[in-house]
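Take a look at the structure set out below.
The values are calculated or read from the model by the stated rules, or taken from the named source; none is laboratory data. Predicted, not measured: the structure shown is a model, and the values here were computed from it. Every residue, glycine among them, receives a Cβ derived from its backbone with ideal geometry; neighbour counts consider all protein chains shown.
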Amino acid sequence: MSDFRRQNRGNVDNNTKVNFTFDGKTYSGLKGDTVASALLASGVHLMGRSFKYHRPRGPVGAGFEEPNALVTVHRGKGRMTPNLRATTLEIYEGMDVRSQNKWPNLKFDIGGFNNIFSPLFPAGFYNKTFMWPKSFWDKVYEPFIRNAAGLGPAPKEVDPDVYGSCYGHCEVLIVGAGPSGLAAALAAAKKDQRVILVDENARLGGSLLSSGEVAIDGKPASEWLTKTIMTLEAAKNVRIMRRTSAFGYYHDNFVALAERITDHIPNAQIGQVREVMHRIHAGQVILAQGAIERPLVFNGNDRPGVMLASAAQSYMGRYGVAVGKEVIAFTSHDSVYGAVFDLADSNIRVGAIVDARASVSKDLLAMAQAKGIDVHVGSVISKTTGKTRINSAEVYNPATGQKTKIKCDALLMSGGWTPSLHLWSQSKGSIKWDVETGVYLPDVANENCVCIAACNGDFGVETALNAGSKAGGGRKKYDVTEAEWGSGEIFDQLPNYITPKKTKAFVDFQNDVTNKDIILAVQEGFKSIEHVKRYTTNGMATDQGKLSNLNALEIAAKALGKEAPKVGLTTFRPPYTPTSFGAFCGYRTDDLFEVTRKTTIDPWAEAQGAVFEPVGVWRRAWYFPKDGEDMHAAVARECKATRDSLGIFDASTLGKIEVVGPDAAKFMNIMYTNPWSKLAVGACRYGLMLGENGYIYDDGVVGRIAEDRFHVTTTTGGAPRVYRHMEDYLQTEFPELDVWLTSTTEQWSVIALNGPNARKLIESFVEDIDLSPEAFPHMAVREGKICSVPTRLFRVSFSGELGFEVNVPSHFGRQVWETLFEAGQKYDITPYGTETMHVLRAEKGFIIVGQDTDGTVTPQDAGMSWIVSKKKKDFVGKRSLQRTDLVAEGRKHLIGLLTDDPKVVLEEGAHIVADPTQSVPMDMLGHVTSSYWSESLGKSVAMALVKDGFNRMDDTLYIPMPGGVTHAAKVVKPVFYDPKGERLNVV
Amino acid sequence: MMLIHCPHCDEKRPEVEFAYAGEAHIVRPNAEQQQAMSDAKWSEFLFIRDNVRGEHCERWWHANGCNMFFNAVRNTVTDKFIKTYKIGQKRPTQAQIQKWKSAK
Ligand SMILES: [Zn+2]
């Protein structure tokens, strides 16, 4: 047993040793220890280096508020977690813990010279550095800062662990299982309602685990605690969640919890769920999160061994660990006396209590005297010494000028208590400044939520229990024997005889922000606390300012000459504590990260060795390489085969909407630019859809299946928004129309057959449809059967060749495809993918909405005025097409481009200029929208949006590329292949 | 996550089922009205929207639910829904909104 461990104190198992390593050295602790408590029990306080100055640091706290003792835990390949708080990590056998932000080692750290040069790193250092010449930043400062500073390294490997995700519901959610939370749970459990009690620690009890002698209803607090936990565990309607952080509070009492399941278990296997994110909808939320002790801002307050008084009490109460052999306390609050007496009773020598206040209650002084503890009233600590651990402190009495050096190996500080308002503020509950105690307290709730006990500014165990009971709907009054909580004073600055230049009093320990930095920020003109925060980085570290925010506010307020509430508090945002990305992702990783939609024919393409591309959330066959072909060769072959004989293409992803009802044609007239009333049953028509702003929104072929039934197709990516657009107009502008819309995209498999032999192929498979050109002309649709299954057969072409689109119910798609493919062998049938589809359509100048248009292109701009009805009184977008700026000269027009060098394939997106010799920045006329190598034509073809393009026919324009190459191209009409459309009429 | 009452389903459903659909009670002019409108007036109809701090009448779509559009009064500061109602119902008066609020 080390000198720092007290037998039979705390909730550790004195009989079970646990070995772990810290920076490679083996330490042993007891079962139930945290990394911090086990190291402290071994006499180790130095656990990390600060962010900016690399100052040696030890733990300040004993819980989740800890800013200093950040460590990395290694659990094998890919299972390294940085920036964990040693104060909350439960040790297990073989645990591999490493310190951070040090080089070459924790005790001797080269980055520590930042500390010596710290006058060069004042507030706003980062902002100011950015102002220096850019080249300096890239080459000198950034590499230096990256190497020398920073928190733990980010993991570089894929995290192999599994994370869970689930929803939960309850009538009452209680956050925090200290006395108030437990009493609330007891009361709430008695009613017929679901109760969830969460606590971030492994053990329930909160302050009861470390308070001194407290009796609840005549029994020791520990007995009450054990009995209460048993009662709650036995209650069927109560769910207790340990090691669970409520980190985010969202609308309508939706609270996010991160539950850590395996981090405290040795050899946790991959596949065991490591963490679960719970999304809880609660009827009522009871916040019982307690308060966090506030550090004092004095010279040398960051030396290892300087910590919060409550932390020292926690280490003793929870783990039986003495934080030192001889300690000094420095306080401005009564509560520290109880903590110190408790430590003195635990066989720790207390050298002195230094109280900054001018007077202290006689009772406390008498009790201190009885325990043989000196109290220096009206005094402060003016400096501390000790390199990697405090070894003395100087007590200074400003009134007398007297200085006393006192040896110590730990210094306990207390500047009072800050209620934890994080979740309350996240819920948008308002807060009010309490002048008497100098803290913010909850004011008006925005949700069905209460803040009770210490996080409401009400201290003491009895107060907490009764507040909990009441919040849980109970009437029980507890009777508690405990030391008086007392009161305190807030000091924004503590007096010191040493010139400020030579002092270092930290406000934010993790980010190395001193009181001088905050004063400097104010002097440099920052008045808002939000700006002061960002300029100094105070409160921006992983602890989110849990310890520093109020001290920073007091100092800034004083410097501004304002009252603290006039300066305001920075906004609390989720997460309350750092939460792993794994917990956020849950099971939505790898294949489950995003939905991939596949057609029923997709597996066939995969078996054929197709290369795929994503189109929206669809995965589509891009091309079908044969015998080691590259994409260029495969596409050239596919194009040629289709134009020469027969190509087969899976067009199932086309969006499809069934527009049905007596007013279907009327509705189509509204939604599309062209007229539909006179379209004969069995005929198809290309439709163009505009937004109300007059710009092209979508397009597609529409077939009239019956008087009251249209089979509408949309672009692959546009289906959902077109459907929404239609529903919107139907429901909100034309509710009188008797029309039903149904999304049928996934009901139909669509097999596109293109090429001169298309008709020959299907002839023998089609029933009940006369395929002769006279009976079934281009742009017609028939219902019948193919391969014995029902079909809607469209004679349409997106390639310029004789074409059919075979629609069959989805589940028949693959079967029909394979039958046709088999029979097509005699025509050398060639499967092709989206790339060939694009080449074939570009050769014909057919546009792709979203590629050749960009949301600012009108039908006129696209050269498609022919499709805009002049007779219809109304359609969506009609009025906008008359707007002055949409009919103005000089708009960008969609034109074709033929490169002077036919071998050059322009880059899509490349900019176009009239004069490539002009100076940079050039006057850009537009950009290339589509560009392909056309095997059929033996040259490249391109489409482009070019300013005033229709009036530039036959002009030569230029496309300058990075690297100095400039391509020349001639403006032409965007129809490159078979401009008369004769190939559609193959007999 | 907010719970939103769909007036068609008559149920509170989670926010993820819904999509916001812009300001409510902006009536699309009919063909004759459109032709009578100046470009400026038409642009106003197309593009200009209120940016209310407080109670805002807006459209929502129960996209992953019953597929119906409906209107809502929502406070843009607190994000709280005060009332949802069907398309076609008149824009609520301030008095009506206050009544709904106090009834909550
Ligand atoms: Zn609904």
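General observations
- Of the residues making up region B:46-59, those that are surrounded by 14 or more Cβ atoms within 10 Å (Cβ to Cβ) and either modelled with pLDDT of 95 or more or farther than 25 Å from B:Thr93 by Cα (or both) are B:Leu46, B:Glu55, B:His56, B:Cys57, B:Glu58, B:Arg59.
- Residue match in region A:739-752 (condition: part of a loop (DSSP other than H, G, I, E, B) and farther than 21 Å from A:Ser652 by Cα): yes
- Of all residues in region A:679-708, those satisfying the criterion of being hydroxyl-bearing (Ser, Thr, Tyr) and touching a strand residue (DSSP E or B) at 6+ places or on another chain (Cβ under 7 Å) are A:Tyr686, A:Tyr697.
- Residue ranges of strands (runs of 3 or more DSSP E) in region A:217-336 with at least 1 members among the acidic types (Asp, Glu): A:254-260, A:273-287, A:291-293, A:326-331
- The residues of region B:5-25 that are without any contact (Cβ under 8 Å) to a residue 24 or more places away in the chain and surrounded by 15 or more Cβ atoms within 10 Å (Cβ to Cβ), listed by number, are B:Pro14, B:Glu15.
- Filter pass, A:Glu822 being in a helix (DSSP H, G or I) and free of Cβ contacts under 8 Å to residues at least 24 places away in the same chain: yes
This table checks each residue for (1) farther than 25 Å from A:Val255 by Cα; (2) touching a residue at least 60 places away in the same chain (Cβ under 8 Å); (3) not in a strand (DSSP E or B).
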{"residue": "A:Ser425", "(1), (2), (3)": "no, yes, yes"}
{"residue": "A:Lys428", "(1), (2), (3)": "no, no, yes"}
{"residue": "A:Phe459", "(1), (2), (3)": "yes, yes, yes"}
{"residue": "A:Ala467", "(1), (2), (3)": "no, yes, yes"}
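- Check on A:Val839, outside any helix (DSSP H, G or I), at pLDDT 95 or above, crowded, with 20+ Cβ neighbours inside 10 Å and not assigned by TED's automatic domain parsing to the domain that holds A:Ala944: no
- Residues of region A:262-284 satisfying the condition of being within 14 Å of chain B (Cβ to nearest Cβ) and of a type in the set (A, V, I, L, M): A:Met277, A:Ile280, A:Ala282
- The listed residues are A:Leu296, A:Leu343, and the only one of them that is within 21 Å of A:Val12 (Cβ to Cβ) and either touching a residue at least 60 places away in the same chain (Cβ under 8 Å) or away from every other protein chain (no Cβ under 14 Å) (or both) turns out to be A:Leu343.
- Among the residues making up region A:376-385, those that are surrounded by 20 or more Cβ atoms within 10 Å (Cβ to Cβ) and over 20 Å from A:Ile490 (Cβ atoms) are A:Lys383, A:Thr384.
- Among the residues making up region B:72-104, those that are within 12 Å of another protein chain (Cβ to nearest Cβ) and closer than 17 Å to B:Glu11 by Cβ are B:Phe81, B:Lys86.
- Boolean, A:Ala282 is modelled with pLDDT under 95, crowded, with 23+ Cβ neighbours inside 10 Å and not hydroxyl-bearing (Ser, Thr, Tyr): no
- Meets criteria (more than 21 Å from A:Asn448 (Cβ to Cβ), in contact with a Lys or Arg (Cβ under 8 Å, 6 or more places away or on another chain) and aliphatic (A, V, I, L, M)) for A:Leu209: yes
- Candidates A:Lys52, A:Lys25, A:Lys102: the one that is surrounded by fewer than 18 Cβ atoms within 10 Å (Cβ to Cβ), on the phi < 0 side of the Ramachandran plot and not polar (S, T, N, Q) is A:Lys25.
- Test: residue in region A:894-917 that is closer than 30 Å to B:Asp39 by Cα, crowded, with 19+ Cβ neighbours inside 10 Å and either touching a Phe, Trp or Tyr at 6+ places or on another chain (Cβ under 6 Å) or of a type in the set (A, V, I, L, M) (or both): yes
- Beta carbons closer than 6 Å, at least 6 apart along the sequence or on distinct chains, pair a first residue in region A:528-548 that is in contact (Cβ under 8 Å) with a residue 24 or more places away in the chain with a second that is surrounded by fewer than 24 Cβ atoms within 10 Å (Cβ to Cβ) and aromatic (Phe, Trp, Tyr) for A:Val532/A:Phe526; A:Tyr535/A:Phe526.
- Flag for B:Ser43 being within 11 Å of another protein chain (Cβ to nearest Cβ), of a type in the set (Ser, Thr, Tyr) and either touching a Ser or Thr at 6+ places or on another chain (Cβ under 7 Å) or surrounded by 14 or more Cβ atoms within 10 Å (Cβ to Cβ) (or both): yes
- Residue that is facing chain A (nearest Cβ under 8 Å) and at pLDDT below 95, where the choices are B:Met2, B:Met37: B:Met2
- Residues within region B:15-26 that are within 9 Å of chain A (Cβ to nearest Cβ) and out of contact with any Asp or Glu (no Cβ under 8 Å at 6 or more places or on another chain), tallied: 2
- The residues on offer are A:Asp342, A:Asp355, and the sole one that is among the acidic types (Asp, Glu) and modelled with pLDDT under 95 is A:Asp342.
- Across region A:703-738, the number of residues qualifying as in contact with a helix residue (DSSP H, G or I) (Cβ under 7 Å, 6 or more places away or on another chain), farther than 16 Å from B:Ile87 by Cα and buried (at least 21 other Cβ atoms within 10 Å of the Cβ) comes to 2.
- A search for C-beta distances below 7 Å between a residue of region A:875-892 that is more than 8 Å from chain B (Cβ to nearest Cβ) and any residue that is assigned to a helix (DSSP H, G or I), counting only pairs 6+ apart in sequence or on different chains, returns A:Phe875/A:Asn669; A:Phe875/A:Ile670; A:Val876/A:Ile670; A:Val876/A:Met671; A:Val876/A:Tyr729; A:Leu886/A:Ser880; A:Lys892/A:Gly949.
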